[in-house]
């Protein structure tokens, strides 16, 4: 795991259950789960341990651990990823389940509520998925005439300064997917709320935690799809011959509770397009 996040735990639980339906049960399959600290040294140490163990397959949750595993796993050990925000044109040989969602939908929904012109983006430059989301936001928000203010949060210590800068300059905030940012999400919501600034995100449970809008994958689906790929690999399929799978279920969630607190009126077309509304 790239970090010990509930989304990865949930995906892993679904992965194990689904893998059993393919014949790989606890009685005949050993699964070793590692959740190292979210830094490159810890990920590398974990991969070295796996290399020594010589497993039949390495499954990495999250882009940071997955990218490193693909580089550092011993030759002959297949690697697949689950829950990675992959590029539109993923690197050749990337095998697994992508968590990429259409950021254009998130930005358009935000702008359909109100034409926000100064949008802050909290991201982590050390995580490829987070950087890709930043680029997507810049691309689509720019089409709406919005100015983007970037805030790189590569450590917990950097968050307070980033928020202090953003809250004085923006009227909406996009929080990208990042292990560090995820653990501080409630702090971000709390600070933004005091300034009446809406937050939108693609992180699972973001709307439940106070985001105005979230565009979320289903971690359990990620695990189930990953198990299908893993079973094929364990049966002899080569990772190079397997395509990256994209999420089939993506939920657009609107938080009416927060909207009322902000004094925002959510247009009917936005409510109509939502798959879930928090009242």
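The values are calculated or read from the model by the stated rules, or taken from the named source; none is laboratory data. Everything numeric here is computed off the predicted structure, so don't read it as measured data. So basically every Cβ, Gly included, is an ideal-geometry build from the backbone, and we count neighbours across all protein chains shown.
If we keep just the residues of the stretch 86-109 that are touching a helix residue (DSSP H, G or I) at 6+ places or on another chain (Cβ under 6 Å) and under 22 Å from residue 34 (Cα atoms), which is surrounded by the most Cβ atoms within 10 Å (Cβ to Cβ)?
Among residues in the stretch 86-109 that are touching a helix residue (DSSP H, G or I) at 6+ places or on another chain (Cβ under 6 Å) and under 22 Å from residue 34 (Cα atoms), the one surrounded by the most Cβ atoms within 10 Å (Cβ to Cβ) is 97.
Counting just the residues of the stretch 34-54 that are in contact with a helix residue (DSSP H, G or I) (Cβ under 8 Å, 6 or more places away or on another chain) and either over 24 Å from residue 75 (Cβ atoms) or not assigned by TED's automatic domain parsing to the domain that holds residue 80 (or both), which one comes out surrounded by the most Cβ atoms within 10 Å (Cβ to Cβ)?
Once the filter is applied, the top-ranked residue is 38.
Being more than 16 Å from residue 103 (Cα to Cα) and part of a helix (DSSP H, G or I) is the filter here; which residues of the stretch 135-163 pass it?
156, 157, 158, 159, 160, 161, 162, 163
Determine which member of the set 83, 112 is surrounded by 14 or more Cβ atoms within 10 Å (Cβ to Cβ), touching a helix residue (DSSP H, G or I) at 6+ places or on another chain (Cβ under 9 Å) and outside the structural domain of residue 229 (by TED's automatic domain parsing). I'd like the intermediate steps shown before the answer.
Working: 83 fails: outside the structural domain of residue 229 (by TED's automatic domain parsing).
Matching residue, one of 83, 112: 112.
Being surrounded by 19 or more Cβ atoms within 10 Å (Cβ to Cβ) and modelled with pLDDT of 95 or more is the requirement here; does residue 78 meet it? Break it down stepwise before answering.
On the way: surrounded by 19 or more Cβ atoms within 10 Å (Cβ to Cβ): yes; modelled with pLDDT of 95 or more: yes.
When the stated conditions are applied, residue 78 passes them.
If I filter the stretch 125-146 down to residues being out of contact with any strand residue (DSSP E or B) (no Cβ under 7 Å at 6 or more places or on another chain) and surrounded by 22 or more Cβ atoms within 10 Å (Cβ to Cβ), which single residue comes out as nearest to residue 84 (Cα to Cα)?
Among them, the one singled out is 127.
Could you go through the stretch 63-70 and let me know if any residue there is touching a helix residue (DSSP H, G or I) at 6+ places or on another chain (Cβ under 8 Å), closer than 19 Å to residue 229 by Cβ, in the same structural domain as residue 223 (by TED's automatic domain parsing) and modelled with pLDDT of 95 or more. Before the answer, list the steps.
From the stretch 63-70, those touching a helix residue (DSSP H, G or I) at 6+ places or on another chain (Cβ under 8 Å) are 63-65, 67-69; that's our starting set.
Filter again for closer than 19 Å to residue 229 by Cβ, leaving 63, 65, 67, 69.
Right, trim to in the same structural domain as residue 223 (by TED's automatic domain parsing) and you get 63, 65, 67, 69.
Narrowing further to those that are modelled with pLDDT of 95 or more: none.
No, that holds for no residue.
Before we move on, is residue 13 part of a helix (DSSP H, G or I), free of Cβ contacts under 8 Å to residues at least 40 places away in the same chain, surrounded by fewer than 17 Cβ atoms within 10 Å (Cβ to Cβ) and outside the structural domain of residue 207 (by TED's automatic domain parsing)?
Working: part of a helix (DSSP H, G or I): yes; free of Cβ contacts under 8 Å to residues at least 40 places away in the same chain: no; surrounded by fewer than 17 Cβ atoms within 10 Å (Cβ to Cβ): yes; outside the structural domain of residue 207 (by TED's automatic domain parsing): yes.
No: the conditions fail for residue 13.
Could you please find all residues in the stretch 1-10 being surrounded by 17 or more Cβ atoms within 10 Å (Cβ to Cβ) and either out of contact with any helix residue (DSSP H, G or I) (no Cβ under 6 Å at 6 or more places or on another chain) or assigned to a loop (DSSP other than H, G, I, E, B) (or both)? Before the answer, list the steps.
Pass one, the stretch 1-10, residues surrounded by 17 or more Cβ atoms within 10 Å (Cβ to Cβ): 1-3, 5, 7-8, 10.
Once the filter is applied, which keeps residues that are surrounded by 17 or more Cβ atoms within 10 Å (Cβ to Cβ) and either out of contact with any helix residue (DSSP H, G or I) (no Cβ under 6 Å at 6 or more places or on another chain) or assigned to a loop (DSSP other than H, G, I, E, B) (or both), the stretch 1-10 yields 1, 2, 3, 5, 8.
Which residue is nearest to residue 118 (Cα to Cα), if the candidates are limited to the stretch 164-183 and must be within 15 Å of the chain's Cα centre (by Cα) and outside any helix (DSSP H, G or I)? Break it down stepwise before answering.
Here is the first cut: in the stretch 164-183, the ones within 15 Å of the chain's Cα centre (by Cα) are 174-183.
Now drop any that are not outside any helix (DSSP H, G or I), which leaves 174-178.
Values: 174: 11, 175: 14, 176: 16, 177: 20, 178: 22 Å.
Applying the filter and picking the extreme gives 174.
Name the helices (runs of 4 or more DSSP H) wholly within the stretch 184-279 that hold at least 2 residues that are buried (at least 18 other Cβ atoms within 10 Å of the Cβ)? So that I can check it myself, show each step before the final result.
Values: elements: 185-194, 219-234, 256-262, 268-273.
Per the criteria, 185-194, 219-234, 256-262.
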